[in-house]
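Chemist: Just passing along the structure, written as structure tokens.
The values are calculated or read from the model by the stated rules, or taken from the named source; none is laboratory data. Worth saying up front: this structure is predicted, and the values here are computed from it rather than measured. In this analysis, Cβ positions are derived from the backbone assuming ideal geometry, glycine residues included, and neighbour counts consider all displayed protein chains. Ligands, DNA and RNA are stripped out before the accessible areas are found, and what is left, the full protein with its side chains, is counted by its heavy atoms. Shrake-Rupley method; radii C 1.70, N 1.55, O 1.52, S 1.80 Å.
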Amino acid sequence: MDGTENNLRLFPKKDARLYMSFMYVTFVSLLVGGLMGLLQTFVRSGKFTLPFNINYYTILTVHGVILGLVLTTFFIIGFQFALMGKTVGISDKQRNVGWISFWMMLVGTVMAAVTILVGQANVLYTFYAPLAAHPAFYIGLALVIVGSWISAFTNFRQLYVWKKAHKGEKSPLLAFMVIINMLMWVIASLGVAVSVVIQFIPWSLGYTETINVLVSRTLFWYFGHPLVYFWLLPAYMAWYAIIPKIIGGKLFSDSLARLAFILLLLFSIPVGFHHQLTEPGIDPTWKFIQVVLTMMVVVPSLMTAFSIFATFEITGRKKGFSSLFGWFKKLPWGDVRFFAPFVGMVAFIPGGIGGIINASHQMNALVHNTIWVTGHFHLTVATAVLLTYFGIAYWLVPHLTGRRLTKQINKLGIIQTIIWAVGMTIMSTAMHIQGLLGGPRRSAYSEYAGGAQVDTWVGYQLAQAVGGTILFIGILLMIYIFIKLTFFAPRGVEEFPIAAEDENAQVTPKILENWYLWVGITIALIAFAYTIPMIDIIKHSPPGSVPFKWPIGRM
Amino acid sequence: MHLHKYEKVWLTFGMASLVIFLLVIGFAAFWKGTHPQSHLETIDQNNVEAHDSFKPENLGLTEVADGKYKVNMVASAFNYDFGVDKDEKPVKTIRVPQGSTVLFTITSKDVVHGFQVAGTNVNMMVEPGHISRYEAVMKNKGEFTIVCNEYCGIGHHQMFGKVEVY
């Protein structure tokens with residue numbers, strides 16, 4: 001591969017336009033969803049009420065759906081299309097199918113968003129039955145999911161075509177990673193698609209009278225945990241295969257990176273019960289089995305941590321820094337393409353530890369549904385993942401628009417990252433502590449039955465409003481940077497930084513690309529973890545539930 | 001596939017810690033009986049009064065033996081029904097002496113709710129058609145807020161109660 005030359009070759013306009021479309025939706029979502037988050041922290045401070053009779057749970061639903069489902073999915077698909085275009089290419093037909101996917105997802109998003117905004121879907125992004133939203137909400141969600149599948153199958157096709165033209169060669173690493181992520185996404189989202197299409201849509205339209213609540217929840221969480229790995233893997237793609245290039249190094253190990261991704265595929269799906277640990281109706285032995293499977297993710301995570309720091313050290317030593325930590329000081333701290341993802345990596349350490357606590361079977365009871373959990377995923381998805389996405393956007397957006405990341409914008413990016421780190425440290429720490437003290441998540445301001453315990457919670461909620469305000473300033477700055485990079489930065493060629501393999505790297509074993517084998521094991525693990533408990537849940541089902549509209553304020 | 005020597009050490013250490021960790025929580029769960037709430041009994045959510053525990057006269061706090069109590073409750077949007085006191089007024093606070101063992105039993109008449117006695121290990125999901133049950137020893141004195149910690153509708157944050165340990 002002629003690495004560097006390809007990195008500097010801009011995409012044809014037609015291709016860049018498709019990839020950029022996903023970025024526009026991403027950053028509009030950031031602004032809208034971020035504003036909702038700001039308002040939430042204000043309401044929970046107890047010092048502010050929403051104007052125009054807007055309901056707290058409406059903005060909470062918008063925040064979760066727009067940031068958790070829309071921003072992430074659009075960014076990921078756009079970024080992955082760009083990776084595929086760069087590494088294996090895209091045909092005219094594939095690009096057209098990509099557009100179909102984009103529009104289908106956008107129509108679905110708008111449908112769901114409008115339904116939420118008019119107050120017909122105050123069900124939060126988990127839409128737990130038997131709370132019943134307007135059917136348009138579920139149909140919108142179904143369109144987003146099916147639209148994303150079209151992208152996934154386009155990506156599969158892109159690699160297939162490339163493989164046919166390059167018999168005997170291993171697939172490019174980043175293309176391999178995209179395919180893993182999309183395989184995981186398709187297998188996982190089948191669960192929620194089945195639930196939405198077979199359970200929710202007919203039930204909300206009145207074609208079926210009742211819904212099986214526990215089955216719908218189990219199908220949701222079968223999807224819900226791999227969803228978070230779907231967010232994370234594109235960040236890992238950057239950590240493994242992009243950051244080494246930015247710091248002036250090479251890939252640490254092609255085969256280790258592939259192995260880590262395969263392990264993440266295997267252990268991402270048969271684990272949903274760790275979100276249902278305190279639920280009735282599920283045998284605790286099966287909960288424990290899924291807890292064990294969940295913890296297997298520690299292995300690829302440790303591999304990733306090792307690879308990243310090994311890359312940093314090897315690169316630094318090649319540049320001639322021989323003292324024990326000298327190489328660390330000389331990392332390119334002034335380059336936002338490195339600095340933003342690096343801060344994300346740091347946040348992933350407490351984020352990952354918190355995740356282990358959450359999934360620890362009985363330990364979960366201390367934090368389940370407290371605002372600790374909210375603090376946790378604001379470190380993982382809203383810092384580790386999001387700052388890496390920003391780190392990608394700093395070079396991807398100008399590469400797509402034919403502009404340059406200037407020194408001035410780079411500096412703004414560094415400031416943005418620092419603002420984010422400060423705001424999130426305040427907000428997330430306050431959330432973690434309040435959660436340990438029992439403060440609940442997903443609740444508007446309330447003094448409950450009063451007393452000393454509730455008083456301590458309110459103080460932390462004030463701190464969250466301070467952190468939330470700082471974060472919102474960070475969002476405004478990021479939007480400004482995005483507009484600059486899209487429309488105003490000077491024209492030029494920004495590098496698409498893909499790291500090359502070392503000349504004397506070891507050969508990657510062929511077995512790592514045996515899709516039948518890995519998909520087969522994935523399905524076998526899912527069947528093992530879910531078949532018996534699912535049969536139990538269905539066999540011991542209580543009567544189904546009719547739709548409940550009034551609790552969410554629907555007439 | 002080649003693994004660096006240090007990486008082998010790192011992974012071995014990591015995986016060994018993981019095994020120990022899983023053994024600890026597995027031992028606590030299966031031998032010490034600290035599983036999370038996983039009661040398997042179902043109920044017709046449209047007729048919860050048919051179940052002995054949820055008959056109106058059986059709701060609220062009952063002393064079953066010396067230092068042993070049970071609390072039966074019905075959740076509905078946006079209220080916990082702890083029964084009524086002598087003056088037929090709804091009970092809002094459950095009072096138990098320090099060190100007592102309390103069995104909390106709860107079900108939902110409508111949507112999914114949460115039941116957490118904040119500051120204790122009592123934390124469970126409450127789902128229509130299922131009965132949730134958890135036994136806890138109330139070791140510490142004080143007032144503990146009961147919160148619905150699963151979103152149940154626009155009055156969710158108004159759904160609460162209190163446990164007083166004296």
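Chemist: For segment B:45-165, what is the charge dipole size about the Cα centre, in debye to the nearest 20, if Lys and Arg each add +1 at the Cβ and Asp and Glu each add -1 at the Cβ? Walk me through the numbers before you get to the answer.
Modeler: Numbers: 12 positive and 15 negative charges, 63 e Å.
The calculated dipole for segment B:45-165 is roughly 300 debye.
Chemist: At a 10 angstrom cut-off on C-beta neighbours, averaged per residue, how do the peptides B:59-65, B:80-86, A:414-420 rank from highest to lowest? The partial results should precede the final answer.
Modeler: Working: B:59-65: 14.4, B:80-86: 16.1, A:414-420: 19.6.
Answer by packing, highest mean first, reads A:414-420, B:80-86, B:59-65.
Chemist: Could I ask something else about it? Before rounding to the nearest 500, sum -39500 (n - 2.57) across all DSSP H runs of length at least 4 in chain A and divide by the residue total; then give [θ] at 222 nm in deg cm²/dmol.
Modeler: So the helix-based figure for chain A works out to -22500 deg cm²/dmol.
Chemist: Return the ratio Rg/(2.2 N^0.38 Å) for segment A:15-552, where Rg is computed over Cα atoms only.
Modeler: Values: Rg = 22.9 Å, N = 538, 2.2 N^0.38 = 24.0 Å.
Taking the Cα Rg and dividing by 2.2 N^0.38 Å, one obtains 0.95.
Chemist: Work out the FRET efficiency for A:Q408 and A:H540 from their Cβ-Cβ distance, taking R0 = 56 Å, and round it to the nearest 0.05.
Modeler: Details: r = 64 Å, r/R0 = 1.14.
The pair A:Q408/A:H540 has a calculated efficiency of 0.30.
Chemist: Report ³J(HN,Hα) in whole Hz for each residue of segment A:223-240, in order, from the Karplus equation J = 6.51 cos²θ - 1.76 cosθ + 1.60 where θ = phi - 60°; Gly and Pro get x.
Modeler: Calculated HN-Hα couplings, in order: 8, x, 7, x, 3, 6, 6, 5, 6, 6, 4, x, 5, 4, 4, 5, 5, 7 Hz.
Chemist: In Å², rounded to the nearest 100, what is the total accessible surface buried by chains A and B against each other with a 1.4 Å probe? Could the numbers behind the result be given before it?
Modeler: Numbers: alone 22790 and 10630 Å², together 27820 Å².
In total, this chain pair buries about 5600 Å².
Chemist: If you take every DSSP beta bridge fully contained in the protein assembly as shown, what fraction is antiparallel? Give it as a percent rounded to 5. Before the final figure, lay out the partial values.
Modeler: Working: 32 of 46 bridges.
Bridges in the protein assembly as shown are about 70 percent antiparallel.
Chemist: I'd like the mean, over residues of B:24-35, of how many other protein chain beta carbons sit within 10 Å of each residue's own Cβ.
Modeler: If you average over the peptide's residues, the count of other-chain Cβ atoms is 4.
Chemist: Please list A:388-396, A:153-161 highest first by mean number of surrounding beta-carbon atoms within 10 Å per residue.
Modeler: Ranked by mean Cβ neighbours within 10 Å, highest first: A:388-396, A:153-161.
Chemist: Now for a different question. How far apart, in nm, are two points set 7 Å out from the Cα along the Cα-to-Cβ line at B:R95 and at A:V194?
Modeler: 5.2 nm
Chemist: Then there's this: What is the average number of partner chain Cβ atoms found within 10 Å of a Cβ in A:439-445?
Modeler: Average per residue, whole number: 6.
Chemist: Would you calculate the volume per residue, in Å³, of the smallest convex hull containing every Cα atom of segment A:30-181?
Modeler: So the per-residue Cα hull volume is 122 Å³.
Chemist: Using a Gaussian network model on chain B with a 10 Å cutoff between Cα atoms, which of B:K32, B:K109, B:K55 fluctuates the most?
Modeler: Highest fluctuation of the listed residues: B:K32.
Chemist: Please turn the phi angles of segment A:192-201 into ³J(HN,Hα) values with the Karplus equation 6.51 cos²θ - 1.76 cosθ + 1.60 (θ = phi - 60°), one per residue in order, whole Hz, x for glycine and proline.
Modeler: These are the phi-based 3J(HN,Hα) values: 6, 5, 4, 4, 5, 6, 8, 8, 6, 5 Hz.
Chemist: Assuming R0 = 60 Å, what is the FRET efficiency of A:I521 and A:F52, from their Cβ-Cβ distance, to the nearest 0.05?
Modeler: With a Förster radius of 60 Å, E is 0.70.
Chemist: Taking accessible area as the heavy-atom solvent-accessible surface of the protein chains with a 1.4 Å probe, which residues of segment B:79-113 lose no less than 10 Å² upon going from the isolated chain to the full protein assembly?
Modeler: Residues of segment B:79-113 that lose at least 10 Å² of accessible area once the other chains are added: B:D110, B:V111, B:V112.
Chemist: With a cut-off of 8 Å between alpha carbons and a minimum separation of six or more residues, what is the relative contact order of segment B:45-165 in percent?
Modeler: Numbers: 296 pairs, mean separation 30.3, N = 121.
Averaging sequence separation for qualifying contacts and normalising by length gives 25 percent for segment B:45-165.
Chemist: Report the full-extension gain for the segment A:Q506 to A:F528: residue separation times 0.36 nm, less the Cα-Cα distance, to one decimal in nm.
Modeler: The span from A:Q506 to A:F528 would gain 4.4 nm if fully extended.
Chemist: Next question, about the same structure. How big is the gap, in Å, between the Cα center of segment B:85-145 and the Cα center of segment A:360-390?
Modeler: Segment B:85-145 and segment A:360-390 have Cα centres separated by 26 Å.
Chemist: Another question, if that's okay. Using a 1.4 Å probe and ignoring any ligands, DNA or RNA, find the accessible area of B:Y166 and quote it in Å² to the nearest 10.
Modeler: 110 Å²
Chemist: Can you give me the % of accessible surface on the protein assembly as shown that is carbon or sulfur? Probe 1.4 Å, all protein chains present, nothing else counted.
Modeler: 66 percent
Chemist: I need the phi-derived Karplus couplings for segment A:63-74: 6.51 cos²θ - 1.76 cosθ + 1.60, θ = phi - 60°, integer Hz, Gly and Pro marked x.
Modeler: 4, x, 5, 5, 8, x, 9, 7, 3, 4, 5, 5
Chemist: For the protein assembly as shown, with only Lys/Arg (+1) and Asp/Glu (-1) charged at the beta-carbon, what is the dipole magnitude about the Cα centre, in debye rounded to 20? Each step should come with its number before you reach the end.
Modeler: Values: 52 positive and 38 negative charges, 518 e Å.
The dipole of the protein assembly as shown has a size of about 2480 debye.
Chemist: Moving on. Can you tell me how much longer the chain between B:E41 and B:K141 gets when fully stretched, taken as 0.36 nm per residue apart minus their C-alpha distance, in nm with one decimal?
Modeler: Working: separation 100, 0.36 × 100 = 36.00 nm, distance 3.18 nm.
This chain segment gains 32.8 nm when fully extended.
Chemist: For A:I479 and A:K13, compute 0.36 nm times the residue count separating them, minus their Cα-Cα distance, and round to one decimal in nm.
Modeler: Using 0.36 nm per residue and subtracting the Cα-Cα distance, I get 165.4 nm.
Chemist: A further question on this structure: Taking H as built 1.01 Å from N, whose amide H comes closer than 5 Å to the amide H of B:H130, not counting residues under 5 places away?
Modeler: So B:H130 has HN proximity to B:I43, B:S108.
Chemist: Here's a follow-up. What FRET efficiency, computed as 1/(1 + (r/R0)^6) with R0 = 51 Å and r the Cβ-Cβ distance, is obtained for A:V466 and B:F21, rounded to the nearest 0.05?
Modeler: Approximately 0.90, to the nearest 0.05.
Chemist: State the answer as a single residue: which of B:S100, B:A50, B:Y151 lies farthest towards the positive end of the charge dipole of segment B:45-165, with beta carbon charges of +1 for Lys and Arg and -1 for Asp and Glu, about the Cα centre.
Modeler: B:S100
Chemist: Further question on the same structure: Can you tell me how segment A:365-516 classifies by the Cα gyration tensor, rounded, prolate or oblate, using a/c under 1.5 as the rounded cut? All intermediate terms of the calculation are to be shown ahead of the outcome.
Modeler: On the way: a/c = 3.60, a/b = 1.61, b/c = 2.24.
Note, shape of segment A:365-516 comes out oblate.
Chemist: What does the structure give for B:128-137 when I average, per residue, the other chain Cβ atoms found within 10 Å of the residue Cβ?
Modeler: What the average comes to for B:128-137 is 4.
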